[in-house]
Amino acid sequence: MATEELVTEQFQFLGIDIQKEVLTKCVSLCEEYNVDAETFIEQWMAFSLTHLNGCPPTLENLKLLEKKEFSKATSRPNALANDAASTGSSLTVYGAQVSTQPDNEVLSDYMTTTPKRVKIETEVVTTQELQPATYSPVVGNSAKYASRANPGTVVHSFGEDKILQALAKANGPNDILDLCITQVPNEDGDMYTKAMFGFELLHEKASTFDNHIQYVSQCILKKAGLTETTSTEVLVAGRIECDADARLNSKSVILQGTWEASLSQAVTVDMDSLKQYSLFPGQVVVMRGLNPRGDKFIPKDVYCDAAQPIPNPKADMMNTLKGPLSMLVVAGPYTTSDNMSYEPLKDFITYVGNQKPHVVIMTGPFMDCDHIKVKDNTMAETYKSFFDKLMDSLGELNTTSPYTKIYIVSSSKDVFHVNMFPTDSAVLEGMGGDKLARLANHVVMQRTYYPLWPPSPGLCLDAALWAAHAQLPCTPHVLVLPSNFRYFIKDVNGCVVVNPEHLTKGTGGGTFSRILITDSGDIPKKIAAQIVRI
């Protein structure tokens, strides 16, 4: 039975304040037509978006609602139930135009830079119909995905038990946070730099990487306290390269110097005297050693750590955090490899609607360029058109989880997107010990999201964009690194690194991550995270 308290709570959850007489009228309609408060609010939101351009409830508007909707239900008692069942928990699937202000927006623009006014125009699109138009017969849902074992189970946890217990709980109306989320600009204050893709001048490209070697090597020298050389041993700085068209090994290491120090000459490095090291192509290092004949450098020590200290939580993050911050992190692909039905994405949207986290970070690819249904050229609509449908499918969260902020991160594998860097990928060499932690630590120590050079085959790395937007301004509290490696959550020198892996694996289901950041003073670890099966 609907009460004034329940109706008020439902409206407040959507950020709508109503007058006393309007509240009384709403309760009266619920009692007269035998509907609960939640169903009534859903019916009102659908009616308002369809016929009133999203206007708030008034006595006049409620009379129109009763005349057009509830009066029909009296003549056909099952009509309301059937309508609710056909549209699901979100009734914002009609031909509506929704315009939201930046303070209340749920879905940020793809590759967003600053908050903008978002306008979503939808046809009758529901998550049950989420697949592209095609010239070939439609393939049904994935049987392997449907029969996956133990969906929703936690496969890995990180953090204190007290925070982990709170992590699994869904947010309620009282868990709303006033968040100020911004994109961090580069050192020039720019959010995005226009670049001439494919028209880089070689001398400008060389200068970009030369400046990077000088900057990072100076940071390494300062952190390691290296200032002196002797008559036999010298300090040299440069970038690791491979002298063969193969994987880097101990016999193929080359050190590329800067123009200022060595006219950009390269020297072979003899690694036999080193007991332990971890190198990869593109890594900036400082080596202490000797070069007896001028044709081979023999290092005694290798220094590569330019990482900055973790900011003080009390002076930085926790100074603005007014309560526990819950996050979900997920990486594409969002459909199985044998169809374009996007069942994992639908299940994830349902999970978000139930948990109501504060922030959701979704990284691509949304439409994988290697997907079989993309490669066979049977789609009867443009890639961008179907991507817009995928974004529209997130629009139902405006109703089920209106205070959730969703941020979309691009991928170079998205078929509709320019396949340029930035994107994060890492194929690194290693040694013994915790390989995944060491690989993640390379990103932090080199102060860049992509320290590899040359880049992986198929990755179109733009040097100007890399220099402008792929540098780490500081060591973050949480670093998200989606990759093909098995999922992991690790504390790497104070930075919590999360790899949610992928939402799908071939024709089966994958995993995503949920994170909770708390400001509780009695808990030493203020960040907890889990990996969850979809």
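The values are calculated or read from the model by the stated rules, or taken from the named source; none is laboratory data. Keep in mind that this is a model prediction, so the values were computed, not measured. Virtual Cβ from ideal backbone geometry, glycine too; neighbours counted across all protein chains shown. To get the accessible areas, we keep the full protein, side chains included, count just its heavy atoms, and leave off ligands, DNA and RNA. Shrake-Rupley method; radii C 1.70, N 1.55, O 1.52, S 1.80 Å.
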Margin query: Pairs needed: first member in the stretch 437-452, surrounded by fewer than 21 Cβ atoms within 10 Å (Cβ to Cβ) and of a type in the set (Phe, Trp, Tyr); second member anywhere, at pLDDT 85 or above and assigned to a loop (DSSP other than H, G, I, E, B); C-beta distance under 7 Å; at least 6 residues apart or different chains.
Written below: TYR449/ALA470; TYR449/LEU472
Checklist line | Hey, ASN319 open to solvent by 30 Å² or more (accessible area, probe 1.4 Å), more than 30 Å from THR268 (Cβ to Cβ) and at pLDDT 85 or above or not | finding: no
Note to self: Which of the numbered conditions does SER326 fail, given that it passes all the others? Conditions: (1) in a strand (DSSP E or B); (2) out of contact with any strand residue (DSSP E or B) (no Cβ under 6 Å at 6 or more places or on another chain).
What the structure shows: (2)
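One residue is enough: does the stretch 54-67 have a residue meeting the conditions within 25 Å of HIS358 (Cα to Cα) and under 40 Å from the mean Cα position of the chain (by Cα)? Please lay out each step first, then the result.
Of the stretch 54-67, the ones within 25 Å of HIS358 (Cα to Cα) are 54, 56.
Retained after the next criterion (residues that are under 40 Å from the mean Cα position of the chain (by Cα)): 54, 56.
Scanning the stretch 54-67 turns up at least one residue that is within 25 Å of HIS358 (Cα to Cα) and under 40 Å from the mean Cα position of the chain (by Cα).
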Next item on the list: Tell me the helices (runs of 4 or more DSSP H) entirely within the stretch 1-61 that contain at least 1 residues that are at pLDDT below 80 and open to solvent by less than 80 Å² (accessible area, probe 1.4 Å).
Entry: 4-13, 37-51
Notebook entry, point to check: Just one of the numbered conditions (1) exposed (fewer than 15 other Cβ atoms within 10 Å of the Cβ); (2) farther than 24 Å from GLU501 by Cα is not true of ARG288; which one?
Noted result: (1)
Checklist line | Output for the stretch 221-231, where each listed residue is assigned to a helix (DSSP H, G or I) and aliphatic (A, V, I, L, M) | finding: LEU221, ALA224
Next item on the list: Give the residue, chosen from SER412, SER385, that is assigned to a loop (DSSP other than H, G, I, E, B), modelled with pLDDT of 80 or more and more than 30 Å from LEU177 (Cα to Cα).
Entry: SER412
Item checked: Pairs, first not assigned by the TED database to the domain that holds VAL497 and modelled with pLDDT under 85 in the stretch 138-166, second of a type in the set (A, V, I, L, M, F, W, C) and not in a loop (DSSP other than H, G, I, E, B), C-beta under 6 Å, six or more apart -> none
Note to self: Given the criterion open to solvent by less than 20 Å² (accessible area, probe 1.4 Å) and not assigned by the TED database to the domain that holds ASN398, identify the matching residue among PRO299, PRO344.
What the structure shows: PRO299
Check: So which residues in the stretch 269-280 are at pLDDT 90 or above and either of a type in the set (D, E, K, R) or open to solvent by 20 Å² or more (accessible area, probe 1.4 Å) (or both)?
Finding: ASP270
Notebook entry, point to check: So GLY430 fits all but one of (1) at pLDDT 85 or above; (2) open to solvent by 30 Å² or more (accessible area, probe 1.4 Å); what number is the exception?
Noted result: (1)
Next item on the list: Quickly run through the stretch 230-258 and pick out the residues that are surrounded by 14 or more Cβ atoms within 10 Å (Cβ to Cβ) and not β-branched (Val, Ile, Thr).
Entry: GLU233, LEU235, ALA237, GLY238, ARG239, GLU241, CYS242, LEU248, SER252, LEU255, GLN256, GLY257
Next item on the list: Please determine, by comparing only the residues of the stretch 193-229 that are among the polar types (S, T, N, Q) and modelled with pLDDT under 80, which one is least open to solvent (accessible area, probe 1.4 Å).
Entry: THR193
Notebook entry, point to check: Can you find a residue in the stretch 232-245 that is assigned to a loop (DSSP other than H, G, I, E, B), of a type outside the set (D, E, K, R) and either at pLDDT 85 or above or within 30 Å of CYS495 (Cβ to Cβ) (or both)?
Noted result: no
